[in-house]
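The values are calculated or read from the model by the stated rules, or taken from the named source; none is laboratory data. A quick note: this is a predicted structure, and the numbers were derived from the prediction, not measured. Here the Cβ is made from the backbone with ideal geometry for all residues, glycine too, and neighbour counts use every protein chain on show.
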Amino acid sequence: MVQVLFTDLDGTLLDLFDYSYDAALPALEALKERNIPVVFCTAKTLAENEYYRKEMGIEDPFIVDNGGAIYIPDNYFSFGFECKKKGKYCVIELGASYGRLREALKEIREETGFKITGFGDMTAEEVAEDANLSVEKAKLAKEKEYNESFIFDEPKEKDAILFAKIKEKGFSVTHGGRYYNIHGKDADKGKAVRILTALFKKEYGAVKTIGIGDSKNDIPMLNAVEQPAVVKNKKGTWLDVSLPTLYKAKGEGPEGWVEVVEKLILISG
Ligand SMILES: [Mg+2]
């Protein structure tokens with residue numbers, strides 16, 4: 001049976017702090033040799049996804065901006081489907097536009113006085129420093145289309161007010177490893193995974209889906225796959241989620257990722 005891997009990037013395939021993935025290289029090669037699709041499912045932007053796809057030599061579809069859109073390379077599937085043509089991709093859009101998300105954050109800031117700083121409020125140099133990225137990569141991270149990442153510099157108990165405000169404006173919020181994210185309410189990783197899984201099934205018939213993540217924004221993705229797995233985070237613990245078939249890797253970040261790929265995919269492929 002064809003296996004399809006959906007994977008988060010930050011804190012999962014990439015180290016949360018230095019974004020390295022050296023430990024995962026041999027396992028990535030093994031997946032490529034077996035033609036197992038590796039679908040990035042991440043809060044990262046199109047530009048960042050393209051960077052890592054090129055670096056890792058991956059040519060499969062990918063999910064950007066926390067489920068904001070699905071990018072499918074031209075002619076990847078043998079059949080046609082409804083999508084928006086964009087460069088060398090066919091795009092299925094699920095999210096709200098960046099401009100509308102920025103506007104909502106601005107309104108919330110004015111209504112509450114909360115200290116909210118979005119990537120759009122920061123220079124590439126500031127994003128680079130805060131996210132521990134090179135300036136070049138920070139520029140890629142700022143090219144958001146369906147999601148805005150922001151720093152919420154308020155006590156934890158203000159979270160509830162912020163979340164209610166975002167909901168009131170008709171949007172959703174997720175809290176990933178490092179930043180809060182505001183996005184369209186129809187955009188989540190799970191919905192994108194389901195749409196893409198249906199396309200893979202149309203192409204290959206039976207498909208087994210595996211999902212690997214590390215934090216809260218991965219829960220919809222983990223719910224949408226047949227075999228969910230989590231890697232350990234920097235605190236040495238796992239995401240608090242209860243799913244009947246959840247596999248908990250002993251390793252942290254990319255090392256845990258390798259463990260999941262070896263134990264759950266390569267062994268049965
Ligand atoms: Mg993550």
Checked against (1) closer than 16 Å to residue 256 by Cα; (2) assigned to a helix (DSSP H, G or I); (3) of a type in the set (A, V, I, L, M), residue 212 satisfies every condition except (2)
Does residue 185 meet the test of being of a type in the set (Lys, Arg), within 17 Å of the chain's Cα centre (by Cα) and within 12 Å of the ligand (Cβ to nearest atom)? no
When restricted to 203, 226, 255, the only residue away from the ligand (no atom under 16 Å from the Cβ), under 28 Å from residue 266 (Cα atoms), under 19 Å from the mean Cα position of the chain (by Cα) and at pLDDT 95 or above is 226
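Quick grid of which residues meet (1) buried (at least 21 other Cβ atoms within 10 Å of the Cβ); (2) assigned by TED's automatic domain parsing to the domain that holds residue 32; (3) not in a loop (DSSP other than H, G, I, E, B):
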position: 159; (1), (2), (3): no, no, yes
position: 195; (1), (2), (3): no, yes, yes
position: 208; (1), (2), (3): no, yes, yes
position: 221; (1), (2), (3): yes, yes, yes
position: 255; (1), (2), (3): no, yes, yes
position: 262; (1), (2), (3): no, yes, yes
The correct count of residues that are in contact with a helix residue (DSSP H, G or I) (Cβ under 7 Å, 6 or more places away or on another chain) and of a type in the set (Asp, Glu) in the range 1-33 is 2
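Given the range 1-101, what strands (runs of 3 or more DSSP E) lie entirely inside it while holding 2 or more residues that are of a type in the set (A, V, I, L, M) and either touching an Asp or Glu at 6+ places or on another chain (Cβ under 6 Å) or within 16 Å of the ligand (Cβ to nearest atom) (or both)?
Values: elements: 2-7, 38-40, 62-64, 69-73, 84-86, 89-93.
Output list reads 38-40, 62-64.
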Of the conditions (1) within 16 Å of the ligand (Cβ to nearest atom); (2) of a type outside the set (A, V, I, L, M, F, W, C); (3) more than 14 Å from residue 8 (Cα to Cα), the single one that residue 208 does not satisfy is (1)
Counting only residues in the range 51-85 that are more than 20 Å from the chain's Cα centre (by Cα) and touching a residue at least 12 places away in the same chain (Cβ under 8 Å), the one nearest to residue 33 (Cα to Cα) is identified as 76
Quick count over the range 138-179, residues being over 24 Å from residue 92 (Cα atoms) and within 16 Å of the ligand (Cβ to nearest atom), is 3
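Applying the selection to the range 39-71, what residues are of a type in the set (Val, Ile, Thr) and surrounded by 21 or more Cβ atoms within 10 Å (Cβ to Cβ)? Talk me through it step by step, then tell me what you get.
First, the residues of the range 39-71 that are of a type in the set (Val, Ile, Thr): 39, 42, 45, 58, 63-64, 70.
Listed by number, the residues that qualify are 39, 42, 45, 63, 64, 70.
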